[in-house]
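Novice: Structure incoming, see below.
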Amino acid sequence: MEYSDFNVEKNSDGLLPAVIQDSRTLKVLMVGYMNREAFERTLSTGLVTFWSRSRKKLWTKGETSGNFLHLVSAYPDCDADTLLVKAVPDGPVCHRGTVSCFDTPENEGFIRELEEVIKDRHAKMPDGSYTASLFRQGVKRCSQKVGEEAVETVVEAVAGDRDRFIYEASDLVYHLLVLLEQQRCSLADIETELAGRHK
């Protein structure tokens, strides 16, 4: 992908709007603008860089706050005049200290964030971590917990207790994520399977 592939002349300021999305949670984080140099620096350094329209200079997100955006992938839109950038943020993206510049629910995309935490626990196996203890006990224990939580979820559904159902269903989803990681599978794998069935 080259900057010359984009139709920036269609945009009134000649800049390329870049929509930044958390590659893990899929939450939209912010919108910035790139000129050719910002675009090329983003690709070469792996740190998302913009053209500041107010200061008339390049700025790498996080250069003062430390909350960098690490490039994962980038996609042009259908008209080749806007860029979708998927990135991993080091911390809050907005100057207000919030996750996103958009006031969407804070817990939006949390299941994917939890999936990343579980992967990290599996990789590091820290002492005192319940998640790590499940991995240490192996597939039988991970599978057993999914079965137990599934039964408890069904019990609360039949009883009609919504709050308890949500509590147990949350336990079920968490333990299923652990089992998925134990089996080296991901939510993306499940999405691919379900999307294939939907077709």
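Novice: Considering region 10-49 alone, what residues qualify as being under 14 Å from the mean Cα position of the chain (by Cα), within 17 Å of T82 (Cβ to Cβ) and not aliphatic (A, V, I, L, M)?
Specialist: If the condition is that a residue be under 14 Å from the mean Cα position of the chain (by Cα), within 17 Å of T82 (Cβ to Cβ) and not aliphatic (A, V, I, L, M), then Q21 is the only one that fits.
Novice: Between K124, K119, which is touching a residue at least 40 places away in the same chain (Cβ under 8 Å), under 30 Å from G62 (Cα atoms) and not acidic (D, E)?
Specialist: Of K124, K119, the one residue that is touching a residue at least 40 places away in the same chain (Cβ under 8 Å), under 30 Å from G62 (Cα atoms) and not acidic (D, E) is K119.
Novice: If we scan region 80-92, do we find a residue that is free of Cβ contacts under 8 Å to residues at least 24 places away in the same chain and out of contact with any Pro (no Cβ under 7 Å at 6 or more places or on another chain)?
Specialist: No.
Residues are listed down the side, and each one gets a yes or a no for (1) surrounded by 13 or more Cβ atoms within 10 Å (Cβ to Cβ); (2) outside the structural domain of V48 (by TED's automatic domain parsing); (3) under 30 Å from G66 (Cβ atoms); (4) modelled with pLDDT of 95 or more:
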position	(1), (2), (3), (4)
D103	no, yes, yes, no
D127	no, yes, yes, yes
A132	yes, yes, yes, yes
F135	yes, yes, no, yes
C142	yes, yes, no, yes
K145	yes, yes, no, yes
E156	yes, yes, no, yes
E168	yes, yes, no, yes
L187	yes, yes, yes, no
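Novice: Suppose we filter T25, T42 for residues that are crowded, with 19+ Cβ neighbours inside 10 Å, within 30 Å of R184 (Cα to Cα), touching a residue at least 40 places away in the same chain (Cβ under 8 Å) and not hydrophobic (A, V, I, L, M, F, W, C); which single one remains?
Specialist: T25
Novice: Check whether at least one residue in region 113-122 is in a strand (DSSP E or B) and at pLDDT 95 or above, and report yes or no.
Specialist: no
Novice: Also, I was wondering about something else. Filter region 78-112 for residues that are in a loop (DSSP other than H, G, I, E, B), small (G, A, S) and touching an Asp or Glu at 6+ places or on another chain (Cβ under 9 Å) and give the result.
Specialist: A80, S100, G109
Novice: Turning to a different aspect of this structure: Take the residues of region 139-186 that are free of Cβ contacts under 8 Å to residues at least 24 places away in the same chain and outside any helix (DSSP H, G or I): which is farthest from the chain's Cα centre (by Cα)?
Specialist: Filtering first and then ranking leaves G160.
The values are calculated or read from the model by the stated rules, or taken from the named source; none is laboratory data. Computed from a prediction, not measured in an experiment: that's the story for all the values here. Please note: Cβ atoms are built from the backbone with ideal geometry, for glycine as well, and neighbour counts cover all protein chains shown.
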